[in-house]
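Please treat every number below as a calculation from the coordinates, not as lab data. If you're wondering where the values come from, they're calculated on a predicted model, not measured in any experiment. All Cβ positions, even for glycine, are placed from backbone atoms using ideal geometry, and neighbour counts span all protein chains on display.
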Amino acid sequence: MQQPDPRAWRVAVVGSGPSAFYTAEALFKSGQAASVDLYDRLPVPFGLVCFGVAPDHQNIKAVTRVYDRIAGNPGFRFFGNVTIGRDLQVADLQACYHQIVFAFGCESGQPLGVPGDDLRGVHSATEFVGWYNGHPDHAQRSYDLQHATRAVVVGNGNVAIDVARILLADPDELAKTDIAEHALAALRESRVREVVLLGRRGPAQAAFSPKEIEEIAALPGVDVLVEPAEAALDPLSAAWLAKDAPRSAQRNVKFLQERAAAGPTGRSKRLRCRFLLAPASLCGEAGRLRAVRAQRMELAADADGTPRPKPRDQFEELPADLVFAAIGYRGVPLPGVPFEPKKGIVPNQDGRVLDRPGGAVLRGLYAAGWCKRGPTGLIGTNSACAKATVELMKQDHAAGALLAPVRADAAELLRARGVDAVGWADWQRLDAWQLAEGQRLGKVRHKPASADALLRTIHELRAARP
Amino acid sequence: MTRARLSVRGDDRAFTIAAGETILQAAMAQGLDLDHACGGVCACSTCHVKVLRGGENLAEPGEDELDQLDEARDVGLESRLACQARLLRMPADGTIEIAVPSWNVNAVREGGH
């Protein structure tokens, strides 16, 4: 592993997902020699691009080509399999770098928080997504798909759509992707025939991208069903749609209203989009989920005119064998880093980390991506977000408002502590191996789904290198 | 077919673009570093450019591109995503002229160590 230039501007980035790479990119384009080290607790890079983006969306996963290019900068290093707070403390990073950027995202899912959400059959979409993507944290989970015919996915974002699509897709098609083998085996046994997508608000407020919902309608053997009464817009939403709505909302409403008018065509599987319904409680029998008791909502303007869901005294019971909560991600605090529990982010002012929400700026510490602004937006949104943070880092660098590193190199510290860090060259060998194994197995990539298996392969490839 | 001139406002260098190529492909192949956070698959709007001249020779924007542009900053009628704007035919005056929004201009300094 090459030595960093001791005169250079040395930056540590905690995380190696999109916001971490865009931070590195902006630093490399800053016009000053910077060395940037990315840390990840997993042995492999790319965060949610690897473990969040659905396996049947390989065109989106191809964004890693952009990250490969960034990693090709001579100032770039990767330290995988290094957990901050265990292998290295934030104080260690402060002793090695001029600046530290937290870009560790939001790792857990928002719980439903209604009675019965501890029943068997109730799951977090975040964990399910990690499971089918081969995330080492979630590989051991199991989902009783073979005794389930109806699943309810709570939420109206792209994660909810991903979960619905994976449940309804043809396993033979998924087999060609980089889906985890354990997930494919379970999906082959699945008897799920209907997925109900539950939105608190109406079709005009759906947060999914039009092409995502349209993609489900294009799946072979799947009907997309919408209740005509729920597809009709309330006056508030209709006025908003005609005036200020983004194009994507107009396209969603048009598509959903067309589906409502078309009705079922007798295909064997169904996505049922239900709107203006929120789970009030989950009903079970002998500890096992049986149904979702959903409460009818209506939209009412809040103080600034935004339509908000308001509960009505009307309930509906939706039979369900499985429930997936896809109502957002939630940040997990990192030891030694301030945390704002209400928002689940690192407290910050435009990217400069604060010692507490509304508190004082901590010199040399920054945040980018989801742990800066919360879990919203698409992958590319993090590019602008990271650039904004790097602008402040440049200002502080120019003003000399930096940490005062006393150690030359964190790599030495890791070696001295016997940490089995994974470097970029290790990842490149593993990447090539995963692609070759995938080709052998008739899929785009083979992903071993445990950290141990990944490390074992990394060690074998390292030992075998020419 | 010969290549059309790809003129970038504020940049003196001579770039070209071939039929079938996107503005992003042409730019990247010739060292014009246009940001494209999603990798050029119409999943963000970082590669937003304004086509000042010759836009009628590019493939019409699709629904997905229009959705992305709708959420981009400072969008005008001449806005396109460079990753989707593919040259269909040679412009009559041989030139496609674009402007890169100021916040997306990065001096090409990569590797300047």
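Per DSSP H run of n ≥ 4, the term is -39500 (n - 2.57); total these for chain A, divide by its residue number, and report the mean residue ellipticity at 222 nm rounded to 500 deg cm²/dmol.
That comes out to -10000 deg cm²/dmol.
Quick one: plug the Kirkwood hydrodynamic radius of the protein assembly as shown (C-alpha pairs) into Stokes-Einstein at 25 °C, 0.890 mPa s, and report D in µm²/s.
It diffuses with D of about 96 µm²/s by this estimate.
Just name one of B:62, B:43, B:90: the one whose Cα is farthest towards the positive end of the charge dipole of chain B (beta-carbon charges, Lys/Arg +1, Asp/Glu -1).
Going by the Cα projections, it comes out as B:90.
Just tell me how shielded B:29-38 is by partners: mean number of partner chain Cβ atoms within 10 Å of each residue's Cβ, no decimals.
Details: counts 0, 0, 0, 0, 1, 0, 9, 4, 15, 11.
Per residue, the average neighbour count from other chains is 4.
Please compute, for peptide A:379-385, the average count of beta-carbon atoms on other protein chains lying within 10 Å of each residue's beta-carbon.
Mean shielding count: 6.
Beyond 14 Å, how much of the Cα-Cα pair distribution for the range A:142-209 remains, as a whole percent?
60 percent
Among A:14, A:96, A:35, whose Cα lies farthest out toward the positive end of the dipole of the range A:1-118, if unit charges sit on the beta carbon of Lys, Arg (+1) and Asp, Glu (-1)?
Going by the charge dipole, the pick is A:35.
Pop a pseudo-label 7 angstrom from the Cα along the beta-carbon direction at both residue A:461 and residue A:399 and give the gap in nm to one decimal.
Calculated label separation equals 4.3 nm.
Give me the number: length gained by fully extending residue A:419 to residue A:300, i.e. 0.36 nm times residue separation minus the C-alpha to C-alpha distance, one decimal in nm.
Details: separation 119, 0.36 × 119 = 42.84 nm, distance 5.54 nm.
Gain on extension, residue A:419 to residue A:300, equals 37.3 nm.
Relative contact order for chain A: what percent, with Cα pairs under 8 Å and sequence separation of 6 or more? Write out the running numbers ahead of the final one.
Details: 948 pairs, mean separation 103.5, N = 466.
Taking the mean separation of contacting Cα pairs over the length of chain A, I get 22 percent.
Over the range A:109-329, one equal point on each Cα, no solvent: what is log10 I(q)/I(0) by the Debye formula at q = 0.07, 0.10 Å⁻¹?
Evaluating at q = 0.07, 0.10 Å⁻¹ gives log10 I(q)/I(0) of -0.21, -0.43.
Could I have the simple spin-label model distance between residue B:14 and residue A:356, label points 7 Å from Cα toward Cβ, reported in nm to one decimal?
For residue B:14 paired with residue A:356, the spin-label model returns 6.5 nm.
When the distances between all Cα atoms of the range A:233-369 are binned every 10 Å from zero, what whole-number percent does each bin get?
9, 22, 26, 26, 15, 3, 0
What is the extension gain from residue A:436 to residue A:232, computed as 0.36 nm multiplied by their sequence separation minus the C-alpha to C-alpha distance, in nm to one decimal? Let's see the in-between values first.
Values: separation 204, 0.36 × 204 = 73.44 nm, distance 5.05 nm.
Extra length from residue A:436 to residue A:232 when fully extended: 68.4 nm.
Would you be so kind as to identify all helices of chain A, as entire DSSP H runs, whose Cα atoms reach 18 Å or more along the helix's own axis and whose mean Kyte-Doolittle hydropathy is at least 1.0? Mind dumping the intermediate values first?
Numbers: long enough: A:247-262 (22 Å, -0.89); A:381-399 (28 Å, -0.31); A:424-441 (25 Å, -0.91); A:451-464 (20 Å, 0.23).
For chain A, where a helix must reach 18 Å along its axis and average at least 1.0, there are no hits.
Using the Cα atoms as the points, what is the convex hull volume per residue of the range A:18-101 in Å³?
92 Å³
Using Cα-Cα distances under 8 Å and only pairs 6 or more residues apart, what relative contact order does the range A:17-114 have, in percent? If you can, show how the numbers build up before the last one.
Numbers: 84 pairs, mean separation 35.4, N = 98.
Value for the range A:17-114: 36 percent.
Which of the pairs A:243/A:310; A:211/B:50; A:243/A:342; A:343/A:447; A:343/A:387; A:310/A:343 have their Cα atoms more than 26 Å apart in this structure?
Details: A:243/A:310 23 Å; A:211/B:50 24 Å; A:243/A:342 33 Å; A:343/A:447 33 Å; A:343/A:387 22 Å; A:310/A:343 22 Å.
Violating the 26 Å Cα-Cα cut-off are A:243/A:342; A:343/A:447.
Could you work out the relative contact order of the range A:109-329? I mean the mean sequence separation of Cα pairs under 8 Å and 6+ apart, divided by the number of residues, in percent.
31 percent
Quote the charge dipole size of chain A about the Cα centre in Debye, to the nearest 20; the model charges only the Cβ of Lys and Arg (+1) and of Asp and Glu (-1).
400 debye
Checking the cross-link filter: which lysines have an alpha carbon closer than 25 Å to that of residue A:394, excluding same-chain neighbours under 8 positions apart?
A:29, A:372
Label-point separation (nm) for residue A:290 and residue B:53, each offset 7 Å from Cα along Cα-to-Cβ?
According to this spin-label approximation, the distance is 7.5 nm.
I'd like the mean, over residues of B:44-57, of how many other protein chain beta carbons sit within 10 Å of each residue's own Cβ.
Rounded to a whole number, the mean comes out at 2.
Sorted by average packing, counted as other Cβ atoms within 10 angstrom per residue and highest first, what order do A:352-364, A:378-390, A:200-212 take?
Result, highest mean Cβ count within 10 Å first: A:378-390, A:200-212, A:352-364.
Under 4.7 Å Cβ to Cβ, no partner at all: give me those cysteines from the protein assembly as shown, in residue order.
That list is A:50, A:96, A:106, A:273, A:283, A:371, A:385, B:42, B:47, B:83.
Provide the FRET efficiency to the nearest 0.05 for the residue A:217-residue A:391 pair, computing r from the beta carbons and using R0 = 41 Å.
According to the calculation, E is roughly 0.45.
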